[in-house]
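Data first, discussion second: the structure below is written as structure tokens.
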Amino acid sequence: MKNRAAASGEVTQAAKRRFLIRLVAVLCGGMFLDGYILGIIGTVISRVSDDLGFTPLWEGLTVAAALIGIFVGSPLGGWAADKFGRKPLFMIDISLFVIASAAQFFVDGPAQLFVVRLLMGIAIGAEYSVGWPLMSEFAPARLRGRLLGLSLIAFYVGFMVAFIVGYVLNNSTDLGWRFILGTSTFLAVVLLLARLGLPESPRWLWNVGRRDEAHDIAHRYMENPEDMNDVEHEDTRKGSFGMLFSRQYWRATTFISVFWFCAVTPYFAIATFAESVLEGYGLTSGLAGAVLLSALATAGVTVTVLLVDTLGRRVLTVPTQWLCAAVLAVIGLWTGAPPMVVLTLFLVFSFFNAGYNTLTGIYPGEVLPTEIRGLGTGFAAAFSRIGAALGTFLLPWSIENLGTGTTMLIAAGLAAVGAGVSQALAPETKGMNLSESAAGFAH
């Protein structure tokens, strides 16, 4: 009997681990798609522009379309995830993505391509608002930072893979740009199937008063007894948009929104147009440099993921932002720097910027309570994408009209603002359960 019980216990723990691995995999898949669709457009935009007769305005709008969609989809998805649950939104967003991504095979005009990529962005925005909260609500406290951070590795890998796929398909095949853009559909279909049957968040269930279901799911899927017990510390109250700016949570909302905005704006602007930016500094192989920047970014996220549950959040958030601000300032001021020096500085920026960008996927789930976790994550994601869309849209104009040096100094200023806000407001949440980390920032 004892051996059978032990065996049963081992099977149960093994099943819980398999579930956690599955959840991480499908969340990472969604983030991979985000990086992929934002990267792949940069590899074919010149072909698209020639084929569809783009004006500079349409080119900028098409590149920024997914980012604009994220701005719309993040708060809507967050509101819906807090109101109707994580599980249905997790299926709806990937279904919308599949439909919109497949439509790329058939577009024949600038407006159609813009709308399709806008819808893809809306789906990805909803993914931010439901995926990270769902992961934070199931993950063991001791591993939560690492598991959430893995999704950011997936994002940067997706961005890098998009450059590689775009380069290979553009230069080694006769495939059209529609097929190259539409390659995101194949992975999206796999993800849709992999998400079937995932459970609802026990914390959300407890928060809305469905305590028996919450208790059953927590004991079926959560490994750590302390995490299971913490579910029962959830408040039973409805969230609202106004709570984000209440006396309890305005600091948390301000921190995650401004930090995220200042982290992604320089990254998206530089990474999307990396080839032309690097060529502007005299590097003859801008595309190779762009792929190298993506590779260093991936390495930066990986190192952060490995260290975040050991060193903590603040030490990986604050100093690295100051460093990136300094690096961008040097690039902006040293206009006559040798090309290899410029490339080295950009690589340093890419590595450390990606590192603290990892925390943008960790902090929101930890500093906000369950009733506004989706909404708050969605608001911060939307706010960040204002900067990302503006940066992507305005970078070509800024380089042409203000010069590359001034453009890099503006980017340095944004990084410095993010560093200052984080210096003042970033909390340490390493190893805390969710009730503890959210309550700690509320006081």
Inset, instruction - Report the residue count in segment 197-219 for those that are surrounded by fewer than 20 Cβ atoms within 10 Å (Cβ to Cβ), touching a Pro at 6+ places or on another chain (Cβ under 9 Å) and either touching a residue at least 24 places away in the same chain (Cβ under 8 Å) or under 10 Å from Glu137 (Cβ atoms) (or both). - result: 1
Legend entry - Residues of segment 388-410 that turn out to be surrounded by fewer than 23 Cβ atoms within 10 Å (Cβ to Cβ) and part of a helix (DSSP H, G or I), as a count: 14
Inset, instruction - For residues that are surrounded by fewer than 17 Cβ atoms within 10 Å (Cβ to Cβ), part of a helix (DSSP H, G or I) and either at positive phi or not polar (S, T, N, Q) (or both), tally how many sit in segment 167-177. - result: 2
Inset, instruction - Of the numbered conditions (1) part of a helix (DSSP H, G or I); (2) touching a helix residue (DSSP H, G or I) at 6+ places or on another chain (Cβ under 6 Å), Asn229 fails exactly one; give the number of that condition. - result: (2)
Inset, instruction - Those residues that are surrounded by 23 or more Cβ atoms within 10 Å (Cβ to Cβ) and not in a helix (DSSP H, G or I), I need them from segment 131-166; list them, please. - result: Ala139
Inset, instruction - Return yes when Ile92 is free of Cβ contacts under 8 Å to residues at least 60 places away in the same chain and under 19 Å from Leu38 (Cα atoms) and no when it is not. - result: no
Legend entry - Unique residue being in a helix (DSSP H, G or I), within 14 Å of the chain's Cα centre (by Cα) and hydrophobic (A, V, I, L, M, F, W, C) when the list is Leu33, Leu20, Leu61, Leu57: Leu33
Legend entry - Looking only at segment 368-391, and only at residues there that are farther than 18 Å from Ile410 by Cβ and β-branched (Val, Ile, Thr), the one that is nearest to the chain's Cα centre (by Cα): Thr377
Inset, instruction - Restrict the check to segment 235-245 and report whether at least one residue is in a helix (DSSP H, G or I), more than 24 Å from Met135 (Cα to Cα), at pLDDT 75 or above and over 19 Å from the mean Cα position of the chain (by Cα). - result: yes
Legend entry - Residue match in segment 178-196 (condition: crowded, with 22+ Cβ neighbours inside 10 Å, in a loop (DSSP other than H, G, I, E, B) and either of a type in the set (A, V, I, L, M, F, W, C) or touching a residue at least 40 places away in the same chain (Cβ under 8 Å) (or both)): no
Legend entry - Which listed residue, of Val315, Val291, Val231, is among the β-branched types (Val, Ile, Thr), modelled with pLDDT of 75 or more and either crowded, with 24+ Cβ neighbours inside 10 Å or under 28 Å from Ser398 (Cβ atoms) (or both): Val231
Inset, instruction - Could you run through segment 34-81 and say how many residues are of a type in the set (A, V, I, L, M), in contact (Cβ under 8 Å) with a residue 40 or more places away in the chain and more than 18 Å from Gly378 (Cα to Cα)? - result: 10
Inset, instruction - Kindly list the number of the only condition in (1) part of a helix (DSSP H, G or I); (2) surrounded by fewer than 19 Cβ atoms within 10 Å (Cβ to Cβ) that fails for Glu428. - result: (1)
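Would you confirm whether any residue within segment 146-155 is among the polar types (S, T, N, Q) and touching a residue at least 12 places away in the same chain (Cβ under 8 Å)? Steps first, please.
Of all residues in segment 146-155, those among the polar types (S, T, N, Q) come to 151.
Within this subset, residues satisfying the condition of being touching a residue at least 12 places away in the same chain (Cβ under 8 Å) are 151.
So far as segment 146-155 goes, yes, one or more of its residues are among the polar types (S, T, N, Q) and touching a residue at least 12 places away in the same chain (Cβ under 8 Å).
The values are calculated or read from the model by the stated rules, or taken from the named source; none is laboratory data. Not measured: the values here are computed from a predicted model. Using ideal geometry, Cβ is built from the backbone for each residue, glycine included, and neighbour counts are taken over all protein chains shown.
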